[in-house]
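All remarks here apply to the structure that follows.
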Amino acid sequence: MLTLRGRYDLKRRSAVFWGRLTAGGKPRAGVEMRVEAVSPEGVHDCPVLTDTSGAYSLQTRISHTTLFRVHVEGAIEPCEEPSSAPAGCLGTTVPGLEGRPVVVRVPRKPAKR
């Protein structure tokens, strides 16, 4: 499971977002993910790495309302448990994931009178 949450930090004029990556209910540590930011200024990618609890966070300056998406590429990893397969386990395929997108809105400036 891949989660993503975000908010706008008015003081820093930045999007702050965070989430967690788990597989089979266990945290996935040390996984590199790609966070994509889509705004009127274009599309930007930000790499982010999960910590030992599967959590990640990132802060980036934005000047327009921005859509954020997080992606994890699929991979083949070493086996963690003994296999019942005749030749044993050669590797475990971990599918790629895409988290639910999050929109971080930049508040409008109040109109001057």
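The values are calculated or read from the model by the stated rules, or taken from the named source; none is laboratory data. As the structure is a prediction and not an experimental result, all values here were calculated from the model. All Cβ positions, even for glycine, are placed from backbone atoms using ideal geometry, and neighbour counts span all protein chains on display.
Restricting to segment 61-75, name every residue that is surrounded by 10 or more Cβ atoms within 10 Å (Cβ to Cβ) and in a loop (DSSP other than H, G, I, E, B).
Ile62, Ser63, His64, Thr65, Glu73
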Just checking, which of Thr52, Thr66, Thr22, Thr60 is over 21 Å from Val103 (Cβ atoms), of a type in the set (S, T, N, Q) and out of contact with any Gly (no Cβ under 6 Å at 6 or more places or on another chain)?
-> Thr52
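Any idea how many residues of segment 6-41 are of a type outside the set (Val, Ile, Thr) and surrounded by 15 or more Cβ atoms within 10 Å (Cβ to Cβ)? So that I can check it myself, show each step before the final result.
To start, the set of residues in segment 6-41 that are of a type outside the set (Val, Ile, Thr) comprises 6-15, 17-21, 23-30, 32-34, 36-37, 39-41.
Those left that are additionally surrounded by 15 or more Cβ atoms within 10 Å (Cβ to Cβ): 6, 8, 14-15, 17-21, 23, 27-28, 33, 36-37, 39.
Count: 16.
What about Val94, is it at pLDDT 90 or above and of a type outside the set (Ser, Thr, Tyr)? Lay out the reasoning, then the answer.
On the way: at pLDDT 90 or above: no; of a type outside the set (Ser, Thr, Tyr): yes.
No, not satisfied.
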When you look at Pro78, is it under 19 Å from Gly96 (Cβ atoms), over 17 Å from the mean Cα position of the chain (by Cα) and loosely packed, with under 13 Cβ neighbours inside 10 Å, yes or no?
-> yes
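Enumerate the strands (runs of 3 or more DSSP E) found wholly within segment 2-60, keeping only those where 1 or more residues are among the basic types (Lys, Arg). Can you show your working first?
Working: elements: 5-9, 14-20, 32-39, 42-49.
It comes to 5-9, 14-20, 32-39.
Quickly run through segment 24-46 and pick out the residues that are among the hydrophobic types (A, V, I, L, M, F, W, C) and over 14 Å from Leu2 (Cα atoms). Walk me through it before giving the result.
Of all residues in segment 24-46, those among the hydrophobic types (A, V, I, L, M, F, W, C) come to 29, 31, 33, 35, 37-38, 43, 46.
Passing the criteria: Ala37, Val38, Val43, Cys46.
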Quick one: what pairs do we get from segment 16-38, first residue on the phi > 0 side of the Ramachandran plot, second exposed (fewer than 15 other Cβ atoms within 10 Å of the Cβ) and not in a strand (DSSP E or B), C-beta under 9 Å, 6+ apart or different chains?
-> Gly25/Met1; Gly30/Asp51; Gly30/Thr52
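Checking the conditions here, which among Glu41, Glu73 is more than 9 Å from the chain's Cα centre (by Cα) and closer than 15 Å to Glu98 by Cα? So that I can check it myself, show each step before the final result.
On the way: Glu41 fails: closer than 15 Å to Glu98 by Cα.
So the residue among Glu41, Glu73 that is more than 9 Å from the chain's Cα centre (by Cα) and closer than 15 Å to Glu98 by Cα is Glu73.
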